[in-house]
Each structure stands twice: as structure tokens, then as C-alpha cells.
Amino acid sequence: MPDPVVVVRDLSVERSGRLAVEQVSFELQGESETAVVGPNGAGKSTLVAALLGLLPRKHGEVRILGQQLSPNGDLPGAIRSQIAYVPQSLALQGRFPLSVAEFVGFGFDPPGPRWPWQQHQKRKAAVEKALDRTGCLDLRNRLLSELSGGQLKRVMLSFCVVRPRQLLVLDEAQAGLDVPSNERFQQLLLELRRQEGWTVLHVSHDLDMVRRSSDQVLGLNRRLCCSGSPDHTLTPERLIDLYGPHMVPYRHQCHG
Amino acid sequence: MVDTQTLTLVLAEPFMQRALIGGLLTGALGGLLGSVAVLRELSFFSDALGHSALLGITVGILIGVNPTLVLIPFAVLFALLVNQLVEKSSLPTDALLNIVYSTSLAAAILFLSLVESYRGGIRQLLFGDILGVSSLDLIVIGMLLAAALIYLSLSMRAQVLLTLNQDLAGAVGVQTRWHRLAFIVLLAVVVAVSIKAVGVLLISAFVVIPSCAGRLLCRRFPVYVFVSSILGGTCALLGLLASGLTNLPSGPSVVMVQFLGFLIALLLSSRLFRRLSTPEPEPQA
């Protein structure tokens with residue numbers, strides 16, 4: 001069996017002076033899709049931030065592609081460039097003078113200082129290809145701040161696909177999307193995941209989507225309450241354990 | 001209003017030539033850093049730093065050291081202090097900046113009232129003295145402009161991603177903490193160096209107005225940074241020439257020209273103007 005892409009052991013993270021994630025352990029196998037579910041304030045985004053080295057760990061170990069994440073969140077550039085991340089939103093207040101093609105181009109560049117004109121032709125070709133694959137080619141000259149929510153999310157996937165990567169992390173990427181945009185985003189993500197061989201970790205509140213697309217579910221409420229396949233995890237009893245008794249009216253979201 | 005012959009004579013004077021070059025460089029530098037500062041919502045930071053710099057100048061006067069020499073370390077210290085406060089405190093940034101700058105401004109005015117000999121110079125501190133720019137000042141401003149250009153060019157990806165989403169930037173390998181601090185310190189040094197020419201009260205206009213005008217006109221990031229810088233330099237040059245022609249104070253004249261430039265940018269970017277110049281494309285679904 002190949003080595004897992006991500007290994008998390010006994011991870012504890014503090015946020016705003018309290019333990020937001022406590023003793024969490026899991027593995028992400030190559031080319032698998034894992035969903036993190038749980039109520040608001042359960043520590044899902046904190047878990048993702050700590051895994052990416054954006055927050056310091058109080059305790060525990062994180063290994064990505066065989067490389068240990070240092071205590072201050074550093075990873076070698078070669079490993080860092082294998083990671084893509086889709087946040088909930090971008091700070092695009094007012095008119096932001098950045099075109100779609102430029103933004104996607106920043107996804108092509110590796111970490112570290114470089115002149116803007118370096119590898120211009122290669123970057124341009126890669127951007128065109130990425131935008132074409134996500135159906136965003138006609139948006140390339142639009143400002144990022146002019147896009148609709150659905151368009152912006154597809155452009156963010158272009159940012160991820162503009163160079164080969166192994167790990168894709170999404171933090172409630174579908175938040176704020178209407179049903180058709182959400183469906184389109186999901187379909188695109190599924191296609192790209194298969195083509196690129198991405199290992200995907202995503203935080204989601206959409207249990208129907210989690211059931212349909214995930215290989216593994218992590219039920220988090222500060223601690224890992226349950227984990228395993230969707231059929232094993234998304235049962236009425238486990239969801240009530242995870243979300244509390246108010247989950248009862250939503251039993252249609254799980255098998256039972 | 002002076003006649004053109006007198007203006008030609010004045011322009012031939014070395015102090016006026018230094019003033020024009022100083023204005024051009026300071027304006028370009030303000031526009032360059034302002035382009036990122038405005039997007040990162042740091043406009044108020046430059047304003048607060050400008051006002052707080054008065055305390056640095058006062059400290060220099062009190063300890064008998066050239067105020068310009070005290071100003072740069074003071075500005076850097078202020079920037080680091082504010083950065084720490086913002087990171088550690090749960091209060092909003094604008095409120096914290098307000099507390100720090102109004103306190104330091106009040107302290108500066110209290111200290112200045114104790115220094116009899118400097119009371120006459122307060123007007124120069126508030127509105128700047130572009131005609132007093134020395135050759136050494138020009139070299140320092142020129143070097144800062146070159147350093148800022150190189151830093152922003154090499155870190156453009158980091159600056160943009162950091163502005164859009166700090167977690168996204170960190171996830172793809174941007175040293176977010178380092179770049180945030182480096183930019184704030186650079187902005188602080190630029191504000192400190194520019195205060196002699198521009199004055200405490202008007203320094204933020206040099207950072208904010210050209211970049212807002214550039215933001216209205218540009219659709220590509222490097223073009224936006226370049227246009228903001230060019231607008232900053234050009235407005236400063238035109239403002240100084242207008243000041244020489246009308247015998248009005250230089251700093252406020254530059255700001256009025258910057259405002260005029262902003263109004264023109266607003267007009268050019270307006271829906272009405274675009275409709276007149278090109279047919280509007282169909283909205284994307």
C-alpha cells in the first residue's frame with residue numbers, strides 16, 4: 001500500500017486561548033476525498049489551518065508527502081508547491097485591479113521571490129490551458145472583483161489546476177453558492193480530481209454532497225467523534241452525537 | 001500670480017530644481033506603496049503614522065538631535081508597535097490606530113509647547129517644506145524608491161495573495177508574517193522620509209489619492225502599480241509648478257492637483273464615459 005499523502009497524529013491546536021482541536025489523528029490516502037463535518041465552532045477550519053501550517057500546533061505531528069511540518073508551519077518549497085487551497089472567500093472589496101488570468105498565473109509561480117516577467121510564455125500557456133479546463137477561458141480578461149460567486153469558485157479551481165499538485169484543501173468552498181452553481185462546482189471538482197489524481201480534504205456542511213463524493217468522513221467536534229466511510233459515519237445516531245439532538249429533523253440527510 | 005519670466009528664473013535656482021525632483025520622487029514613491037497599502041486597507045495607517053511622526057520630531061528637538069534623524073527610527077518603532085498591537089489585541093485596527101496616533105499627537109503638542117524656539121516652525125512640520133529638500137534628502141528618497149520598486153516587483157505574487165486572503169497566501173508558501181511586517185516598515189520609512197517635503201497633515205494624500213485614481217483606471221495589477229506611481233509623481237510635479245506660478249503653499253497645491261487627477265480618473269472610469277467610448281459587452285451568465 002502506498003504511503004499516505006497526509007498523516008496527522010494526536011494533533012491539538014489552541015485558538016483564542018482555548019483548545020479548538022484536541023488529540024485528532026487521521027490519514028489521507030492518495031487520490032482519496034475526505035470530508036470534515038461538524039457543527040459551527042467545532043474546530044474544522046482550525047484543523048485545516050494547522051494542517052497547512054497556518055496556525056501553531058500545541059501538540060502532535062503532521063506529515064505531508066512524507067515531510068514533517070515544522071513547529072512554525074514551514075515545509076520545503078517542493079512540498080509546498082504540491083499543495084493547493086481554496087478558501088471560503090477572497091477580500092475583493094470595491095474594484096480590485098487584478099484580472100482573472102493574472103490571478104491564475106500566481107498559482108503557476110512556485111514559492112519565493114521572482115521577477116514578474118520570468119517564465120512569462122510558459123505561465124501564459126499554462127493559464128490558458130487551466131482556464132479552458134475549468135470553462136473560464138472567456139473570463140480571462142475580466143476583473144476578479146467582477147465575477148459572480150460561482151465564477152469565482154471555478155476560477156479558484158483554475159488557480160489550483162494551473163500546475164500539477166497532489167493535495168487540494170477546500171475550506172467551505174461552496175459557502176454562498178446557489179444550487180446550480182454548487183452542482184457545477186462539484187461536477188468540475190470531481191472531473192479535475194480524477195484527471196489530476198488529487199488527494200482532497202474539504203470542510204463542508206453539505207452532508208448530501210459529502211455522502212455522494214467522499215471516500216472518508218471525519219466527524220469533528222473539537223475531538224474526532226467519528227470517522228470512516230460515509231455509510232459508516234453519516235448514520236442518524238452518529239450525526240446526533242456530533243451535532244446534538246437538534247439534528248433529528250434532518251434525518252433525511254442520512255441513511256436510516 | 002507671478003509672470004513666466006520670474007518663474008523661469010525661479011526654476012533655474014538649485015533649491016527649486018531640488019524641490020521639483022524631490023516632489024517627483026516623493027510623489028512616485030507614495031503612489032507606488034499606496035497602490036498596495038490602499039488594497040490592504042492601510043490608508044489610515046499612513047495617516048496615523050504621519051500624525052504620530054510629530055512626536056518623533058518633538059523628541060528630536062527636545063534631545064537636541066536633528067529631527068529628521070530621529071524620525072526614521074521613530075516611524076519604524078511606531079510601525080512595529082502598531083503591528084504588535086493589531087496582532088495581539090482583539091480590537092479593530094482603525095480604533096487601535098486612532099488611540100495610538102491621537103495620544104502621540106497630543107504628547108507632541110504638549111512637548112512642543114515647552115520648546116519656545118520651535119513654535120515658529122510648526123507650520124513647516126504640518127504642511128511640509130519642499131523648498132528645504134537637500135541633496136542628501138534626494139539621494140535617500142531615490143534609494144528608497146529603488147528599494148521599494150525592487151521589493152514590490154520581486155514579491156508581487158506574495159503581495160497580491162496576501163491582500164486577497166492571508167490563508168491562501170500562507171498555504172502556497174508565502175511568508176505572510178515577514179511580508180506583512182516588511183511592507184509596513186517600508187511604508188513607515190517612506191512616510192517618515194516624505195514628511196519633510198509633504199508635511200504631517202498631507203502625507204496620507206500622497207499615499208491614498210494617486211493609488212485610488214489608478215485603481216479606477218486599471219485592470220491589471222502591474223499596470224495599476226505603475227500608473228499609481230506615475231500619477232503620484234506627475235501630480236507632485238504639476239502641483240509644485242502651480243505653486244511656483246501662484247505663490248501658494250506647495251504641499252496643499254500638490255494635494256489639490258492630486259484631487260483633480262482623481263476627479264478625472266473618476267470621470268474616465270464612469271459608466272457614462274465608457275458607454276460613450278465603447279459599446280458595453282454582454283454580461284456573462
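Quick note: the coordinates plus some simple rules give every number you see, no bench work behind them. All of these numbers come straight from a predicted model, not from anything done at the bench. So basically every Cβ, Gly included, is an ideal-geometry build from the backbone, and we count neighbours across all protein chains shown.
Quick notes
- Subset of the range A:160-187 [of a type in the set (A, V, I, L, M, F, W, C) and farther than 21 Å from A:Ala35 by Cα]: A:Val162
- Boolean, B:Ala192 is at the interface with another protein chain (Cβ under 10 Å from one of its Cβ atoms), in a helix (DSSP H, G or I) and not basic (Lys, Arg): no
- Test result for A:Ala91, in contact with a Lys or Arg (Cβ under 6 Å, 6 or more places away or on another chain), aliphatic (A, V, I, L, M) and within 9 Å of chain B (Cβ to nearest Cβ): no
- Single residue of the range A:69-88 satisfying the filter (touching a residue at least 24 places away in the same chain (Cβ under 8 Å) and among the β-branched types (Val, Ile, Thr)) that is farthest from the other protein chains (Cβ to nearest Cβ): A:Val86
- Meets criteria (within 14 Å of chain B (Cβ to nearest Cβ), free of Cβ contacts under 8 Å to residues at least 12 places away in the same chain and not in a strand (DSSP E or B)) for A:Asp138: yes
- With respect to the conditions (1) in contact with a Lys or Arg (Cβ under 6 Å, 6 or more places away or on another chain); (2) loosely packed, with under 15 Cβ neighbours inside 10 Å, A:His120 lacks only one, and its number is (1).
- Whichever residue in the range A:14-60 is in a strand (DSSP E or B) and within 14 Å of another protein chain (Cβ to nearest Cβ) and, among such residues, is farthest from A:Glu196 (Cα to Cα): A:Arg18
- Among residues of the range A:97-111 being more than 7 Å from chain B (Cβ to nearest Cβ) and surrounded by 15 or more Cβ atoms within 10 Å (Cβ to Cβ), the one that is nearest to the chain's Cα centre (by Cα) is A:Gly107.
- Consider the range B:163-189 and keep the residues that are within 11 Å of chain A (Cβ to nearest Cβ) and among the charged types (D, E, K, R). The one that is surrounded by the fewest Cβ atoms within 10 Å (Cβ to Cβ) is B:Arg177.
- Count - residues of the range A:153-179 that are part of a helix (DSSP H, G or I) and closer than 11 Å to A:Gln88 by Cβ: 2
- Among (1) part of a helix (DSSP H, G or I); (2) within 22 Å of A:Leu52 (Cβ to Cβ); (3) free of Cβ contacts under 8 Å to residues at least 60 places away in the same chain; (4) of a type outside the set (Phe, Trp, Tyr) - the single one B:Ser153 does not satisfy: (2)
- Lone unmet requirement of (1) of a type outside the set (S, T, N, Q); (2) more than 18 Å from the chain's Cα centre (by Cα); (3) facing chain A (nearest Cβ under 7 Å); (4) assigned to a helix (DSSP H, G or I) for B:Arg219: (4)
- Given (1) in contact with a Leu (Cβ under 7 Å, 6 or more places away or on another chain); (2) in contact (Cβ under 8 Å) with a residue 60 or more places away in the chain; (3) not β-branched (Val, Ile, Thr), index of the condition B:Pro222 fails: (1)
- For the range A:162-182, the tally of residues that are β-branched (Val, Ile, Thr) and surrounded by fewer than 24 Cβ atoms within 10 Å (Cβ to Cβ) stands at 1.
- In the range A:110-135, the residues that are in contact (Cβ under 8 Å) with a residue 24 or more places away in the chain and in contact with a Gly (Cβ under 6 Å, 6 or more places away or on another chain): A:Pro111, A:Val127
- All conditions in (1) touching a His at 6+ places or on another chain (Cβ under 9 Å); (2) within 25 Å of A:Arg123 (Cα to Cα) hold for B:Val200, with the sole exception of (2).
A quick yes/no check of all residues on (1) part of a loop (DSSP other than H, G, I, E, B); (2) more than 11 Å from chain B (Cβ to nearest Cβ); (3) touching a helix residue (DSSP H, G or I) at 6+ places or on another chain (Cβ under 8 Å):
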site: A:Arg95; (1), (2), (3): yes, no, yes
site: A:Pro113; (1), (2), (3): yes, no, yes
site: A:Pro116; (1), (2), (3): yes, no, yes
site: A:Ala125; (1), (2), (3): no, yes, no
site: A:Leu131; (1), (2), (3): no, yes, yes
site: A:Gln186; (1), (2), (3): no, yes, yes
